[in-house]
Amino acid sequence: MPPAAKVDYGDTQTPRRDDTASSPTVSPISPPPLRQRVRKSVARFGRRRREGLESWLAGKSLVETGEIISPTAFPWVAELEAHWTTIRRELDSVLTEQAALPNMQDLSPLQYSIVREKVWKVFAFRAYGTRCEENCRSCPETARLIDAIPDVEVAFFSVLEPGAHLSAHRGAYKGLIRAHLGLIVPEPRSQVRMQVGEQMVHWEEGRCVLFDDTYRHEVWNDTNGVRVVLLIDVPRPFPQPLAWVNKTVLRIVRRTPFVTDAVKKLRAWEKDFYHSRPERIS
């Protein structure tokens, strides 16, 4: 421990009292308000409970529990990769209307904590179990491949514009696995990347990356091109009866305002978009 700092008090004799000088007022440091202390305690308690739950779920998982998960754990991954050029052709049609696509923050204002600029656009096929019928009709082959994935929760084209940066964030629940199918990866590839925990990911067109989004992850597109992946969330595989419990939890999450509000906004965008364009994208 470093020595205590020395304080020079100058003349050690008792100074003559100067009645004309006012004594400085020193206010005692007040403790944080009770409400603030309670909030912090609850947050710490909730964090410990969440970490305990995640550790328990990891111990029951039938697939890896690290940052990156082997794509061989899910048979549908090979099917997506085999047909990625078909998906890419439908994506190219979607991108002719890129400016009209909704920003992620417009659907979910909480995403402003990740990115402020309007540089993250989405074209959704599934939103927490809800099927986006008009979008699926516009991209029928992509929709068919997604429909073949068991219990898919979320699926959308994730479009990052040039210079986009998604700050470090983490998913809330370990009961999901996330996949990214690379569709457009601009050059130089070293400048478009995602860090998941301690792992750095560089996407490849036509290849899937599977990861656990409860690890803190951060995304950069430091290129002049657009980066697009097909983002998919599926339930993490567990043995029974935990698999049933996990799906029940996900069904409950679908009823939370965070989800229902986003789905309503997505439906409203879809209705307005296709009403103003009698001919679909395809």
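Taking each residue as 0.36 nm, the span from Asp151 to Arg89 lengthens on full extension beyond its C-alpha to C-alpha distance by 19.8 nm.
Here the extension length gained between Arg170 and Ser276 equals 34.5 nm, from 0.36 nm per residue of separation less the Cα-Cα distance. A simple spin-label model places the labels of Glu133 and Ser113 3.5 nm from each other, with each point 7 Å out along Cα-to-Cβ.
Label-to-label distance, Thr72 versus Val245, with points set 7 angstrom from Cα along the beta-carbon direction: 3.0 nm.
Across region 106-116, computed HN-Hα scalar couplings (Karplus, 6.51 cos²θ - 1.76 cosθ + 1.60, θ = phi - 60°) run 5, 8, 9, x, 4, 6, 4, 6, 9, 8, 8 Hz from first to last residue, x flagging Gly and Pro. Apply the a/c threshold of 1.5 to the C-alpha gyration tensor of region 74-275 and tell me whether it is rounded, prolate or oblate. It comes out rounded by the Cα gyration axes. In terms of packing, defined here as the mean over residues of other Cβ atoms within 10 angstrom, the peptides 65-74, 101-110 line up highest first as 101-110, 65-74. Near the amide H of Leu176, within less than 5 Å, lie the amide hydrogens of Arg236, all on another chain or at least 5 residues away, with H placed in the peptide plane.
Database remark: amide H of Tyr215 closer than 5 angstrom to the amide H of Gly171 (H placed geometrically; neighbours at sequence offset of 5 or more, or on other chains; Pro and chain starts carry no H). A simple spin-label model places the labels of Ala100 and Asn224 2.9 nm from each other, with each point 7 Å out along Cα-to-Cβ. The alpha carbon centroids of region 70-148 and region 159-225 are separated by 14 Å.
Just so you know, all these numbers are worked out from the coordinates, no wet-lab data involved. Owing to the predicted nature of the structure, the values given are computational and were not obtained by experimental measurement. In this analysis, Cβ positions are derived from the backbone assuming ideal geometry, glycine residues included, and neighbour counts consider all displayed protein chains.
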